[in-house]
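First comes the structure, then the notes that go with it.
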Amino acid sequence: MRQGFKQKNIVIIGAGFSGILCAQRLEKKTAHLKNISITLIDKKPYFTMRTEIHAAATGRGEPENITYDLQEVFADSPNVSFFCDEISEIDFAEKTVKGSVNHYAYDYLVLAAGSKPNYFGLKSAEENALPFWTYDDALALKAHIQECFEKAVDSRDEEEQKKLLTFCVVGAGLTGVELAGELAEYIPQMCRKYALPQYLTRVVDLDAMARPIPNLPNKVSTTCNSILCELGVEMIMEAKVSEVTKDALVYEKGGKTVSIPSSTVVWSAGITAETITEQAAKTLDSRKGNRIVNLENLQAASDPSVFVIGDNMYFVPKGKNSPVPQMVENTEQSSVLAADNIAELITDKPGKKVYKPAMHGCMISLGAKKGIAYAGIENLFMIQLPSIPAQLAKRAINVYFLAPVFGLKKLPDIAKHEFLAQRTTD
Ligand SMILES: Cc1cc2nc3c(=O)[nH]c(=O)nc-3n(C[C@H](O)[C@H](O)[C@H](O)COP(=O)(O)OP(=O)(O)OC[C@H]3O[C@@H](n4cnc5c(N)ncnc54)[C@H](O)[C@@H]3O)c2cc1C
């Protein structure tokens, strides 16, 4: 222990992908120091493997297999204290965060609170659409689908049955197309379970853009579109949602207003920063979606005691003209770099390592068997993998990422979930 070394508190808000990795890296980097306290806070007692919630909502694998108890994850980490608490306020002047259970003083704060759905001011969507971002959202959607089938079985009115069995996804970005693909496999299975004819059902994916996954090249969108159409999804592009009610999805397309009778509209049309970050954005320098502007060492541009990582950050890498993507690869790399710089700063070193993210594309599952991978080394080469290898690659990468985070004893469970989970209608 260094003589006269004053206790330093590092508080991390959010135990998602980035918060967990940051806490683990900080613990490793500060293992030689004694007066360091790393406090990780999340409003949930468990971590959610968000990238799998579409599978959990549609009966593929056991839902509980995509959550990990956070006390257990940090059971062997003596320098990391996990608190289940919802932070409602950050006092940047006092360097304190306030939760419903405790107040936490910090020397360095890491903001890693992630995102929430963005309704773009459409009140009726906020009130009537089902959100799709958390584990609870996935369970709620699964229960809602079951309820729709139960009501459809009891109904003698075919129009009512069709409304109950029309499942609309708003948004054809990464999460929207993944959910649409899963629904296209799940709904026919549910029809068999409830002995209802499949012609009563529809799965619709709708977006204001001209093509699905518009952030990827045209040819990738075309493949995505044809896989989803083959699975039976109706793709409606260049359609702007104007209203969501309990019984319909209303949109404008080509100057016409169209209403789809539907009891299920899932909102997957965009994200904005979580409420606590939204609040922080009123004090800290921020951009679109309440993302907080970072310096290149990932300190918040307007407060050197705050680091911002994962979905919450707004950082435009050198030579680029858009901010880092709100995806897992960015969470992994930003959390490690921020931890390294904090570990330096608390020992009076410069903490000036520069964030140079290296992205390798993305992998999208479309149902249990198909997918798209557009992967490689950014700015050097990118290739599109065929559908089945793409799906397998996505699962292998999940195992590769999760095993070191949650420990080797979890490896068999993780691999079992990724490769052996069957879809059931229980
Ligand atoms: C269905 C779906 C599929 C996806 N698929 C992919 C994919 O295939 N590939 C990919 O790269 N990305 C994918 N993403 C995006 C990816 O999940 C996010 O980029 C990633 O989760 C962001 O990590 P994060 O740590 O910044 O935030 P999160 O993982 O969202 O974690 C934030 C944490 O903060 C906690 N929190 C929030 N507010 C508070 C508060 N006030 N107090 C305490 N705790 C709080 C939350 O409970 C949460 O645990 C997908 C997302 C979804 C929803």
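Only the coordinates and a few stated rules stand behind these numbers; no lab work does. Keep in mind that what you see is a predicted model, and the values were worked out from it rather than measured. Neighbour counts run over all protein chains shown; Cβ positions are idealised from the backbone, glycine included.
Once amide H atoms are placed 1.01 Å from N in the peptide plane, what residues at a sequence separation of 5 or more from Val266, or on another chain, have their amide H within under 5 Å of its amide H?
Leu130, Cys168, Val169, Val170
Lys416: which aspartates and glutamates have alpha carbons under 17 Å from its alpha carbon, excluding same-chain residues fewer than 8 sequence positions away?
Glu52, Glu62, Glu64
Let a ≥ b ≥ c be the square roots of the eigenvalues of the Cα gyration tensor of region 119-158; is it rounded (a/c under 1.5), or, if not, prolate (a/b larger than b/c) or oblate?
Oblate.
What does the charge add up to near Ala343, with Lys and Arg as +1, Asp and Glu as -1, over the other residues with Cβ less than 11 Å from its Cβ?
Residues near Ala343 contribute +3 overall.
What percent of all Cα-Cα pairs in region 130-218 falls into each 5 Å bin, going from 0 up to the bin containing the maximum distance?
It works out to 3, 13, 23, 22, 17, 12, 7, 3, 1, 0, in whole percents.
Kindly identify region 344-413 as rounded, prolate or oblate by the Cα gyration tensor criterion: order the square roots of the eigenvalues as a ≥ b ≥ c, call it rounded if a/c is under 1.5, otherwise compare a/b with b/c, prolate if a/b is larger, else oblate.
Oblate shape, in that a/c is at least 1.5 and b/c is the bigger or equal ratio.
Give the Rg/Rh ratio for region 256-358, taking Rg as the radius of gyration of the Cα atoms and Rh as the Kirkwood radius, to two decimals.
That ratio equals 1.13.
Return an integer: the convex hull volume of the alpha-carbon atoms of the chain, in Å³ per residue.
So the per-residue Cα hull volume is 147 Å³.
Based on the inverse mean of 1/r over its pairs of different Cα atoms, what is the Kirkwood hydrodynamic radius of region 51-180, in Å?
18.4
Out of all DSSP beta bridges with both ends in the chain, state the antiparallel percent to the nearest 5. Spell out each step's value before the answer.
Working: 40 of 75 bridges.
Within the chain, antiparallel bridges account for around 55 percent of the total.
What residue among Thr96, Thr257, Thr48 shows peak mean-square fluctuation when the chain is described by a Gaussian network model with Cα springs under 10 Å?
The residue that fluctuates most here is Thr257.
Which lysines does Lys356 reach when only Cα atoms under 29 Å apart count, and residues fewer than 8 places away in its own chain are ignored?
Partners within reach: Lys8, Lys28, Lys29, Lys95, Lys116, Lys219, Lys282, Lys288, Lys318, Lys320, Lys394.
Taking all pairs of different Cα atoms in region 190-279, averaging 1/r and flipping that mean, what Kirkwood radius in angstroms comes out?
15.3
Please identify, among Lys416, Lys98, Lys288, the residue showing maximal mean-square fluctuation in a Gaussian network model of the chain using a 10 angstrom Cα cutoff.
Comparing Lys416, Lys98, Lys288 in the GNM, the peak value goes to Lys288.
Which of Glu86, Glu94, Glu332 moves the most in a Gaussian network model of the chain with Cα springs under 10 Å?
Most flexible of the set in this elastic network: Glu94.
How big is the gap, in Å, between the Cα center of region 370-426 and the Cα center of region 1-74?
Here the answer is 22 Å between Cα centres.
For region 276-426, give me the percentage of DSSP beta bridges that are antiparallel, rounded to the nearest 5 percent.
Of those bridges, close to 90 percent are antiparallel.
Give the separation of the Cα centroids, region 247-272 to region 116-162, in Å.
First find each Cα centre; the distance between them is then 13 Å.
By how many nm would the segment from Ser322 to Arg287 grow when fully extended, if each residue of separation counts as 0.36 nm and the alpha-carbon distance is taken off?
Stretched fully, the Ser322-Arg287 segment lengthens by 11.4 nm.
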